[in-house]
1. Filtering region 31-85 down to residues that are among the small types (Gly, Ala, Ser) and without any contact (Cβ under 8 Å) to a residue 40 or more places away in the chain, which residue is nearest to LEU199 (Cα to Cα)?
2. Quickly run through region 61-82 and pick out the residues that are of a type in the set (Ser, Thr, Tyr) and in contact with an Asp or Glu (Cβ under 6 Å, 6 or more places away or on another chain).
3. Condition (residue is of a type outside the set (D, E, K, R), surrounded by 13 or more Cβ atoms within 10 Å (Cβ to Cβ) and at pLDDT 80 or above) applied to region 100-111: is it met by at least one residue?
4. Can you give me the ranges of the strands (runs of 3 or more DSSP E) entirely in region 163-242 with at least 2 residues that are at pLDDT below 75?
5. Scan VAL45, VAL56 and give me the residue that is among the aliphatic types (A, V, I, L, M), at pLDDT below 95 and surrounded by fewer than 18 Cβ atoms within 10 Å (Cβ to Cβ).
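The values are calculated or read from the model by the stated rules, or taken from the named source; none is laboratory data. Keep in mind it's a predicted model, so treat the numbers as computed, not measured. Counting neighbours? That spans all protein chains shown, and the Cβs are built from the backbone with ideal geometry, glycine included.
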Amino acid sequence: MRKLILLIGLGVVLSASPAHALIPNGDFEKGNLDGYFVQEDFSDVPSSPLVTAAVVAPGETVGQIDTGYTQYGVTTATLARDFGTLPADVQDLLFDVKFIDQGPDDDGGIFALQAAPELLALEALDPDTLFVSFGSSSNPNALPDFFTLSATGSTNGAGTQVEALSNGFYRVRTNISSLASSNDNALYFDFRDGDDQRLSRVQVDNIDLTTLNSSVAPEPATMLLMAGGLLGAGFMRKKKIV
């Protein structure tokens with residue numbers, strides 16, 4: 001009986017999956033855009049020089065979007081992905097985002113945003129802007145933007161929170177529980193060139209979902225530690241009995 005209980009407990013630990021397992025390649029761990037699709041001016045394209053998987057540190061890849069400026073003639077570059085049917089108990093969508101204003105074409109100056117939600121005030125600019133929306137992929141032009149980010153600051157709707165992280169990144173969390181019944185959910189990062197003669201860049205990372213049952217799911221290392229604890233507890237109990 002004790003062996004059965006131990007095996008059941010071990011099975012529960014090893015079968016538990018962290019929340020980000022719901023989003024394959026959600027943190028671009030594959031080093032590419034596998035699972036994502038790219039658009040230019042809201043039209044699907046096989047690839048775009050403006051939307052890439054960029055290595056920012058050894059072993060660290062992010063989704064990166066640049067403005068088209070005049071050399072590409074692209075007004076809006078988009079990084080997006082379909083989610084299909086969401087889990088019935090889905091709660092929040094999360095992602096990390098960083099906005100970099102690189103100044104005029106040959107300026108070389110980089111301004112990293114510092115504090116959400118006001119961020120860095122550059123009121124004189126006609127900024128390039130990131131618009132983030134989540135909803136039905138069958139009608140992407142009608143998606144409401146729940147979050148926008150530019151050099152003049154950010155705005156976010158009800159149910160969306162922004163937390164400052166390190167190195168210019170911000171953690172965005174928005175509740176999407178009301179969308180669980182849809183079967184064609186999609187997330188769009190639309191980076192629109194403000195025709196302000198400036199080059200801007202957005203980096204996205206750690207796209208994630210939380211659910212009622214997995215919002216605080218253990219990481220693999222934690223699961224292995226728990227499994228080892230169960231096995232060890234069973235072994236010690238057996239020695240005491242003997």
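1. My answer is GLY73.
2. Start the filter on region 61-82 by keeping residues that are of a type in the set (Ser, Thr, Tyr), which leaves 61, 67, 69-70, 72, 75-76, 78.
Within region 61-82, THR67, THR75, THR76, THR78 qualify.
3. The answer is yes; a qualifying residue exists.
4. Qualifying strands (runs of 3 or more DSSP E): none found.
5. Values: VAL45 fails: at pLDDT below 95.
Within the list VAL45, VAL56, the selection yields VAL56.
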